[in-house]
Amino acid sequence: MTDQQHKTSVTVIGLGAMGQALAGAFLRAGHPTTIWNRTPGKGDDLVAAGATRAGTAAEAARASDLVVVCLYDYEVSRAVLGPVAADLAGRVLVNLTSDTPERSREAAAWAAEHGIAYLDGAILVPVTVIGTADALLFHSGPRAVYERHESTLKVLGGNTVYLGEDHGLAAVYDNALLDFFWTSMYGLVHAFALAGADGVKGAELAPYMSALLSIFPAAVESTAVEVDSGEYPGDQAPLVTEAANVDHVIHASVHRGLDVEALNGIKAVLDRAIARGQGADGWTAIIEAIRTPEARAH
């Protein structure tokens, strides 16, 4: 028996850039790999490397013990998987399609109705990092199902994390981290635009941006403590002072003809927090203004 025959067979449905990276990682690790995509013309390199191209989604579903899906969103995922539910019965389905926790839980309920063991997942790295020790992926769902295929799933990334039984947890973590990433990236680009309006090149500002990042690890840790405790010390930098600083940036941006929609949103949250009587609290106190009354009740 060859080494490949000892490996779990895997099907990858969805051959966008990420899907191809996933299939490639499985192939490199010696897993018999079947691939399928809704539109033809993708995956030739994978076939050349040893993958089997299925003719239909049903054939792809039946080909392997473990079926991994990576599509645009859960609407597309449901459209692809719905017609092949019977072919997936008795197999393990791992959905690495990004979406919301609600859709993840709905997908899990659908899978349970059709006798499909289901794990939800999220990929937190770009295509080029898949299959490396640094690749971060989250999984949530039944622990027994995850543990059965843990070694296979870790082929996709050395930093593969199981979060718990709730199928929505992978999406919860994914959404939260992407929230931080995209708002931070917007701020980064906006800062370059603000400095650039006065003739400062991006390369001239970049070293100071990088230096500023050094405070973030400690800020993340302290903010986590404060949001969990509900205590927001503001003796060094109260919200009223920070609100004035944000106002200065807004005024400078408007004067230079830059978009300030995101900054106005930040200022609105600060104003609501101050109106709630939290002007002497620290920055983290804005979480009370970010949350809806319903969320605060829980």
Q) Simple spin-label model, 7 Å along Cα-to-Cβ: LEU177 to THR128 in nm? A) 1.9 nm
Q) Between ARG143 and ILE290, what is the label-to-label distance in nm when each label sits 7 Å out along the Cα-to-Cβ direction? A) 3.0 nm
**Q.** Cβ-Cβ FRET estimate between ASP65 and ALA109, R0 fixed at 25 Å, reported to 0.05
**A.** 0.65
Q: Largest first and in whole Å, give the semi-axes of the stretch 3-172's equivalent ellipsoid, each being the square root of 5 times a Cα gyration tensor eigenvalue.
A: 21, 18, 15
**Q.** Distant-in-sequence amide H partners of LEU136 (H built 1.01 Å from N, under 5 Å)
**A.** LEU124, VAL125
**Q.** P(r) tail fraction, the stretch 13-94 - alpha-carbon pairs more than 18 Å apart, %
**A.** 34 percent
Q: Between the alpha-carbon centers of the stretch 1-64 and the stretch 240-270, tell me the distance in whole angstrom.
A: 50 Å
Q. Mind checking Rg over Rh on the stretch 160-298, alpha carbons, Kirkwood formula for Rh?
A. 1.00
Q. In which sequence would HIS255, HIS167 go, from the one with the fewest C-beta neighbours within 10 Å to the one with the most?
A. HIS255, HIS167
Q: Grab the DSSP H runs of the chain that are 4 residues or longer, score each as -39,500 (n - 2.57), total them, divide by all residues and round the 222 nm result to the nearest 500 deg cm²/dmol.
A: -15000 deg cm²/dmol
Q: Taking only Cα atoms and a 10 Å spring cutoff, compute GNM fluctuations for the chain and point out the largest among GLN20, GLN278, GLN236.
A: GLN236
**Q.** Efficiency of FRET from Cβ geometry, VAL227 and VAL254, R₀ 30 Å, rounded to 0.05
**A.** 0.45
Q: Could you point to the label whose value was computed as semi-axes √(5λ) of the Cα gyration tensor in Å for the structure here, given (i) 44, 23, 17; (ii) 32, 22, 17; (iii) 45, 24, 22?
A: (i)
Q | Loop-resident sites, the stretch 11-120, for GluC sites (Glu not before Pro), counting at most 16 other Cβ within 10 Å (DSSP) | A | none
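Laboratory data are not the source of any read-out in this text; all were calculated from the coordinates shown. In this text the structure is predicted, and so the values were computed from the model without any measurement. Neighbour counts are summed over all protein chains in view; Cβ atoms, including those assigned to glycine, are modelled from backbone coordinates with ideal geometry.
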